[in-house]
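Report on the following structure.
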Amino acid sequence: MTHPEIDARAFRNVLGQFCTGITVITTFDDADAPVGFACQSFAALSLDPPLILFCPTKTSRSWAAIEQSGRFCVNVLAEEQRELCARFGSREPDKFAGAPWHTSPLTLPVLDDALATIECTVDSVVDGGDHYIVIGRVQALTESTTTGRPLLFYRGQYTAIEPDKTTPAPWRADLDHFLTTTTLDTWL
Ligand SMILES: Cc1cc2nc3c(=O)[nH]c(=O)nc-3n(C[C@H](O)[C@H](O)[C@H](O)COP(=O)(O)O)c2cc1C
């Protein structure tokens, strides 16, 4: 099989057409300091058992701490958390300075204003080129009680959904089936 040369700029531009939400993935390091990084490569993976995945670059210091602790929290960012996202997307030593956070009952650092939090243990790690694919087993879930909107990332920039899209869509039998049933022809 041949591997055609893929231009890095074209790769980024084309993949940037895929709009995602943004998370900050956190843990405590071995000195009990909170650490974390901005991560768009997050996805739901399996309902039974409950699994999610994210992809850290192999040089991420946050990943090194997560690998050590074996646990992490996925914080789903709200539209107002752009600045916070920029800080967690940098290599600043103390990214939590000025970021309101608390320790969860499962002893993980949680960002106070996240739209949702998903606490996990590391289930398995797969090689993914210059990244790893980390599969996490979900241990606890929380959802914000406010009707905040998610922060989005599209074509290398932050963006958001339309203001009127704050309430969940009305219940639909076809989608409910899609989101809660595992069959050979549905992915979740
Ligand atoms: C919007 C956004 C999305 C990002 N998504 C990822 C990602 O999916 N995987 C990754 O390894 N880094 C991602 N990064 C870059 C990391 O957040 C950044 O390299 C990280 O802060 C490295 O710091 P660390 O060494 O402290 O972990 C993203 C950055 C931003 C701003």
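Please treat every number below as a calculation from the coordinates, not as lab data. These numbers were taken from a predicted model, which means no experiment stands behind them. Here the Cβ is made from the backbone with ideal geometry for all residues, glycine too, and neighbour counts use every protein chain on show.
What residue, among those in region 1-33 that are surrounded by 12 or more Cβ atoms within 10 Å (Cβ to Cβ) and of a type in the set (Gly, Ala, Ser), is farthest from Cys73 (Cα to Cα)?
Going residue by residue through region 1-33, those that are surrounded by 12 or more Cβ atoms within 10 Å (Cβ to Cβ) are 13, 16, 19-29, 33.
Adding the requirement that they be of a type in the set (Gly, Ala, Ser) leaves 16, 21, 33.
Details: Gly16: 25, Gly21: 16, Ala33: 14 Å.
Per the stated criteria, the residue is Gly16.
Going by what's in this entry, would Ala44 be described as touching a residue at least 24 places away in the same chain (Cβ under 8 Å) and either within 8 Å of the ligand (Cβ to nearest atom) or part of a helix (DSSP H, G or I) (or both)?
Numbers: touching a residue at least 24 places away in the same chain (Cβ under 8 Å): yes; either within 8 Å of the ligand (Cβ to nearest atom) or part of a helix (DSSP H, G or I) (or both): no.
For Ala44, the condition - touching a residue at least 24 places away in the same chain (Cβ under 8 Å) and either within 8 Å of the ligand (Cβ to nearest atom) or part of a helix (DSSP H, G or I) (or both) - is not met.
Just give me the residues in region 78-88 being crowded, with 20+ Cβ neighbours inside 10 Å and more than 9 Å from the ligand (Cβ to nearest atom), in sequence order.
Ala78, Gln81, Leu84
Which ones in region 95-114 are out of contact with any His (no Cβ under 7 Å at 6 or more places or on another chain) and in contact (Cβ under 8 Å) with a residue 24 or more places away in the chain? Let's see the steps before the verdict.
First, pick out the residues of region 95-114 that are out of contact with any His (no Cβ under 7 Å at 6 or more places or on another chain): 95-109, 111, 113-114.
Within region 95-114, Lys95, Phe96, Trp101, Ser104, Pro105, Leu106, Thr107, Leu108, Pro109, Leu111, Asp113, Ala114 qualify.
Has region 120-131 got at least one residue that is out of contact with any helix residue (DSSP H, G or I) (no Cβ under 9 Å at 6 or more places or on another chain) and either farther than 22 Å from Ser60 by Cα or not in a strand (DSSP E or B) (or both)?
Yes, the conditions are met somewhere in region 120-131.
Results for (1) exposed (fewer than 12 other Cβ atoms within 10 Å of the Cβ); (2) under 14 Å from the mean Cα position of the chain (by Cα); (3) within 11 Å of the ligand (Cβ to nearest atom), shown as yes or no for each residue.
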| residue | (1), (2), (3) |
| --- | --- |
| Ala64 | no, no, yes |
| Ser69 | no, no, no |
| Phe72 | no, yes, no |
| Asn75 | no, yes, no |
| Arg91 | yes, no, yes |
| Gly98 | yes, no, no |
| Trp101 | no, no, no |
| Pro105 | yes, no, no |
| Pro109 | no, no, no |
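Please enumerate the residues belonging to region 47-66 that are in a loop (DSSP other than H, G, I, E, B) and in contact (Cβ under 8 Å) with a residue 24 or more places away in the chain. Explain how you work it out, then say what you get.
Step one: list which residues in region 47-66 are in a loop (DSSP other than H, G, I, E, B), which gives 47-50, 55-56, 58-60.
Scanning region 47-66 gives Leu47, Asp48, Pro49, Pro50, Cys55, Pro56, Lys58.
Just checking, does region 70-81 include any residue being under 22 Å from Asp30 (Cβ atoms), assigned to a strand (DSSP E or B), free of Cβ contacts under 8 Å to residues at least 12 places away in the same chain and among the polar types (S, T, N, Q)? Before you say what the answer is, go through the steps one by one.
Taking region 70-81 as the starting set, the residues that turn out to be under 22 Å from Asp30 (Cβ atoms) are 70-75.
Retained after the next criterion (residues that are assigned to a strand (DSSP E or B)): 71-75.
Those still in the list that are free of Cβ contacts under 8 Å to residues at least 12 places away in the same chain too: none.
Within region 70-81 (the criterion being under 22 Å from Asp30 (Cβ atoms), assigned to a strand (DSSP E or B), free of Cβ contacts under 8 Å to residues at least 12 places away in the same chain and among the polar types (S, T, N, Q)), the answer is no, since none of the residues qualifies.
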